[in-house]
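First up is the structure itself, then whatever we jot down about it.
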Amino acid sequence: PTPVAHEITPGVGITEVKIGDAAQVAIDLFGVPFASNASANGVYTHYLTYVSKGALVYCEPTTTSTFNAQMKIARLKFSSPFDGKTSKGIGIGSTKAAVKAAYGDPSSSSPSSGDSYTIGVIFIYDAGDLVKSIEVK
């Protein structure tokens, strides 16, 4: 079968970009990013922001402040207008009820950090219980 474009696989990534890939893979797919980093105690987390694509790519923590496209991807976060969905049809705008029907009860849940599943995915909801972001880790 032909792979589905942007299909989200919990714990893995999306069809075109996987956790563990070099950041260059995301750059090749999404284009030139807005690159930035956050640091604490000499450890930097570099991330690539694609506002127009609804994608945020986090690299593995490092001790260097300079971004390198060969840095490994640690997690991915998707929000509107990202159009990918999981194999169970869950995407941005899906209802909390649809997520629970597809994936069951989360391993942890909170209003601020969303519903976390041990398979490697977090669904974060807006005030109307619609998925506003999906994080693959």
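A few comments on the model shown:
- Taking first residues from the stretch 111-137 that are touching a residue at least 24 places away in the same chain (Cβ under 8 Å) and part of a strand (DSSP E or B) and partners that are of a type in the set (S, T, N, Q) and open to solvent by 60 Å² or more (accessible area, probe 1.4 Å), the Cβ contacts under 8 Å between residues at least 6 apart in sequence or on separate chains come to TYR117/SER107; LEU130/THR95; VAL131/THR95; LYS132/SER80.
- Flag for PRO81 being under 25 Å from VAL51 (Cβ atoms) and modelled with pLDDT under 95: no
- Residue in the stretch 93-112 that is at negative phi, of a type outside the set (D, E, K, R) and under 14 Å from the mean Cα position of the chain (by Cα) present: no
- For the stretch 1-22, the set of residues classified as open to solvent by less than 60 Å² (accessible area, probe 1.4 Å), more than 12 Å from the chain's Cα centre (by Cα) and hydrophobic (A, V, I, L, M, F, W, C) consists of ALA22 only.
- Members of the stretch 89-136 that are open to solvent by 40 Å² or more (accessible area, probe 1.4 Å), of a type in the set (D, E, K, R) and out of contact with any helix residue (DSSP H, G or I) (no Cβ under 9 Å at 6 or more places or on another chain): LYS96, LYS100, ASP105, ASP126, LYS132
- Test: THR49 is touching a Cys at 6+ places or on another chain (Cβ under 9 Å), in a strand (DSSP E or B) and surrounded by fewer than 20 Cβ atoms within 10 Å (Cβ to Cβ): no
- Selection within the stretch 23-36 - of a type outside the set (Phe, Trp, Tyr) and surrounded by fewer than 16 Cβ atoms within 10 Å (Cβ to Cβ): GLN24, ASP28, GLY31, VAL32, ALA35, SER36
- Test result for VAL99, within 29 Å of VAL25 (Cα to Cα), in contact (Cβ under 8 Å) with a residue 12 or more places away in the chain and assigned to a helix (DSSP H, G or I): yes
- Of the listed requirements (1) within 24 Å of PRO106 (Cα to Cα); (2) part of a strand (DSSP E or B), GLY11 misses just one: (2).
- Residue check, SER80 within 22 Å of ASP126 (Cα to Cα), under 14 Å from the mean Cα position of the chain (by Cα) and not charged (D, E, K, R): yes
The rows are residues; the columns are (1) at pLDDT 95 or above; (2) among the aliphatic types (A, V, I, L, M); (3) closer than 15 Å to GLY13 by Cα.
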| residue | (1), (2), (3) |
| --- | --- |
| TYR44 | yes, no, no |
| PRO61 | yes, no, no |
| GLN70 | yes, no, no |
| LYS85 | yes, no, yes |
| ILE92 | yes, yes, no |
| PRO106 | yes, no, no |
| LEU130 | yes, yes, no |
| SER133 | yes, no, yes |
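The values are calculated or read from the model by the stated rules, or taken from the named source; none is laboratory data. As the structure is a computational prediction, the values presented were derived from the model and not from experiment. Backbone-built Cβ (ideal geometry, glycine too); neighbour counts: all protein chains shown. SASA here: full protein model, heavy atoms, side chains in, ligands and nucleic acids out. Shrake-Rupley method; radii C 1.70, N 1.55, O 1.52, S 1.80 Å.
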